[in-house]
Amino acid sequence: MLSHIVIFWIDPAQRNAAAELIAGANKYLKDIPGVLQFHVGQMSPSPRPVVDQSYQVGLNLVFPNKAAEQAYQVHPQHIEFVEKVFKRVGKKVVIYDFE
């Protein structure tokens with residue numbers, strides 16, 4: 001298995017940016033072949049200082065293997081999400097992949 005964790009920082013000037021990013025991920029990414037698990041949501045506040053709370057939206061995808069994740073990266077729906085949603089409302093992204 002391969003976990004693909006994507007952390008998004010949104011454009012604070014755009015009022016509904018987090019909601020738009022979440023809706024876009026659900027629309028474009030959820031049903032791409034190879035995605036075994038899909039979870040997207042807003043940062044969950046925590047009183048623990050060890051929890052990073054600087055971001056606004058997180059995406060957690062699980063694939064059966066690295067090849068499936070690589071196919072996902074070039075899938076037209078993923079590219080459309082990046083072009084139509086992320087580039088419009090996002091400011092920064094950090095990705096963590098692990099097997």
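Overview of values
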item: Residue check for Val94: β-branched (Val, Ile, Thr), outside any loop (DSSP other than H, G, I, E, B) and in contact with an Asp or Glu (Cβ under 7 Å, 6 or more places away or on another chain); result: no
item: Residue within segment 3-15 that is modelled with pLDDT under 95, part of a loop (DSSP other than H, G, I, E, B), more than 12 Å from the chain's Cα centre (by Cα) and surrounded by 12 or more Cβ atoms within 10 Å (Cβ to Cβ) present; result: yes
item: Residue, surrounded by the fewest Cβ atoms within 10 Å (Cβ to Cβ), within segment 43-67, restricted to residues that are among the small types (Gly, Ala, Ser) and free of Cβ contacts under 8 Å to residues at least 24 places away in the same chain; result: Ser44
item: Residue count for segment 28-61, restricted to those that are out of contact with any Phe, Trp or Tyr (no Cβ under 8 Å at 6 or more places or on another chain) and not in a loop (DSSP other than H, G, I, E, B); result: 6
item: Filter pass, Val35 being in contact with a Leu (Cβ under 9 Å, 6 or more places away or on another chain), β-branched (Val, Ile, Thr), over 18 Å from Val94 (Cα atoms) and surrounded by 12 or more Cβ atoms within 10 Å (Cβ to Cβ); result: yes
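The values are calculated or read from the model by the stated rules, or taken from the named source; none is laboratory data. Because the structure is a prediction, the values reported are computed rather than measured. Here the Cβ is made from the backbone with ideal geometry for all residues, glycine too, and neighbour counts use every protein chain on show.
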